[in-house]
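This report concerns only the one structure given below.
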Amino acid sequence: MYLSPILLAQFILNVRQKKKKKFLTFIFFFKRSKREIKMRKLDSTKVQPLKSEQLLRIEDHDFALRPGFGGSPIPVGIDVQVESIDSISEVDMDFTMTLYLRHYWKDERLSFRSNKNKSMTFDGRLIKKIWVPDVFFVHSKRSFIHDTTVQNVMLRVYPDGNVLFSLRITVSAMCFMDFSRFPLDTQNCSLELESYAYNEDDLMLYWKHGNKSLSTDEHISLSQFFIEEFSASSGLAFYSSTGWYNRLFINFALRRHIFFFVLQSYFPAMLMVMLSWVSFWIDRRAVPARVSLGITTVLTMSTIMTGVSASMPQVSYIKAVDVYLWISFLFVFLSVIEYAAVNYLTTIEERKQLKKRAMAFDGCFHDTDVDMDLTAFSDRCEENETRARAASISNVDTTRIKRKRSLKGNVGRIILQNNHVIDTYSRIIFPSVYIVFNFFYWGLYI
């Protein structure tokens, strides 16, 4: 068969174009596959969870059982970093604390091969698939794990099977407070950690680094308390139905700032007591002034005591502040009773003087201590007594008018002359006894 040169040239050209097209297609797919392999190496997050689970062989083990089940108890180390103490409530007798809780243990089921001996870090999604210690807070009222912006949980696994499990938790727990020295008190509180299900035969809970396992933020401060110390300790707890459990303690001492209570309770009480002493220097005949002053101080002391009691738990024993306020209230109350006695004795004294003057005027004076029958006097003696009483009343009115006229220039002399002997002694006795009481009170409680 004879082919013309033109047809032969077209045939050869078509063959070359097909080969070139195949070659370009091969180059395209080769570069594409190479690029995809490179992208997979750069971004392996999509397959990392699957590879991690395969690397840790999670599906090959039963993580419902603790590590080393049936053998010696598994040691679980604990260390705590206290971030803040958020509040202390005397009424509820509890405290709220935010802390970082870290667990350390070894689970050989999670060991893996690593050429560079690097650990792997996971978030909270892997926690549900492996075994973790069931540590809880004894005497806690409420607690939660922080979840902003994600749940604050971290799991780190090392090639040899060592595990670090960290949580950020806020917990409110009971603090058994003693208010017998309130507000001059120091409260000792503790946060207790314990395994819920595993007793000492299965799990040994201990402080990872001894006393250094407990650390605190340097800027922790409270409005009413000064934090004296933090300490870590351990012990055992016994339950009749399940046995002995290891228990860890986070102990801290809180000393109360007294300055707030000095301004709000002690100082106003002192002022009210000293204000009640002003009554001893007022004229004993100024009944409205002394009575109103006494009633005002008594009511003010009652208000102070009510305000202090409202912010405190209803305990059945006496607190230090109760001792001070009740003694102060007693001093204020006694000042009112003192004037009642002075007023009563003054009234009796004036009646005696009026009677003596009346009897001296008509010559019918007699000893008032001896019982006499007044009906035996004659009509004339009775009339004279009546006139004498009227004259003495007139003399008393005249004396009062003169006293008012000379009041401006002789205030001090008039006060001294018109004071009862009880007022005179009260000016010395009341302040002296109150000063002695303060000396013993502050010496005993500080």
TODO: Would you mind telling me which numbered condition in (1) in a helix (DSSP H, G or I); (2) touching a helix residue (DSSP H, G or I) at 6+ places or on another chain (Cβ under 7 Å) residue 274 fails?
DONE: (2)
Open item on the list: Looking at the structure I just gave you, is residue 102 part of a helix (DSSP H, G or I) and either within 15 Å of residue 163 (Cα to Cα) or open to solvent by 30 Å² or more (accessible area, probe 1.4 Å) (or both)?
Closed with: no
Task: Residue under evaluation residue 85, criteria (1) assigned to a strand (DSSP E or B); (2) of a type outside the set (S, T, N, Q); (3) open to solvent by 50 Å² or more (accessible area, probe 1.4 Å), criterion not met - done: (3)
Open item on the list: If the requirement is being touching a His at 6+ places or on another chain (Cβ under 9 Å) and either assigned to a helix (DSSP H, G or I) or open to solvent by less than 80 Å² (accessible area, probe 1.4 Å) (or both), which of these qualifies: 284, 290?
Closed with: 284
Task: Verdict on residue 317 being modelled with pLDDT of 85 or more, at negative phi and in a loop (DSSP other than H, G, I, E, B) - done: yes
- [ ] Name every residue in the range 229-260 that is open to solvent by 90 Å² or more (accessible area, probe 1.4 Å) and part of a strand (DSSP E or B), in order of residue number.
- [x] 229, 236, 238, 244, 255
- [ ] Determine, yes or no, whether residue 64 is open to solvent by 70 Å² or more (accessible area, probe 1.4 Å) and assigned by the TED database to the domain that holds residue 248.
- [x] yes
Task: Selection status of residue 233, under 17 Å from residue 175 (Cβ atoms) and of a type outside the set (Phe, Trp, Tyr) - done: yes
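The values are calculated or read from the model by the stated rules, or taken from the named source; none is laboratory data. Bear in mind that the values here come from a model prediction, so they are computed numbers and not experimental data. All Cβ positions, even for glycine, are placed from backbone atoms using ideal geometry, and neighbour counts span all protein chains on display. Surface areas here come from the heavy atoms of the whole protein model, side chains and all, with no ligands, DNA or RNA. Shrake-Rupley method; radii C 1.70, N 1.55, O 1.52, S 1.80 Å.
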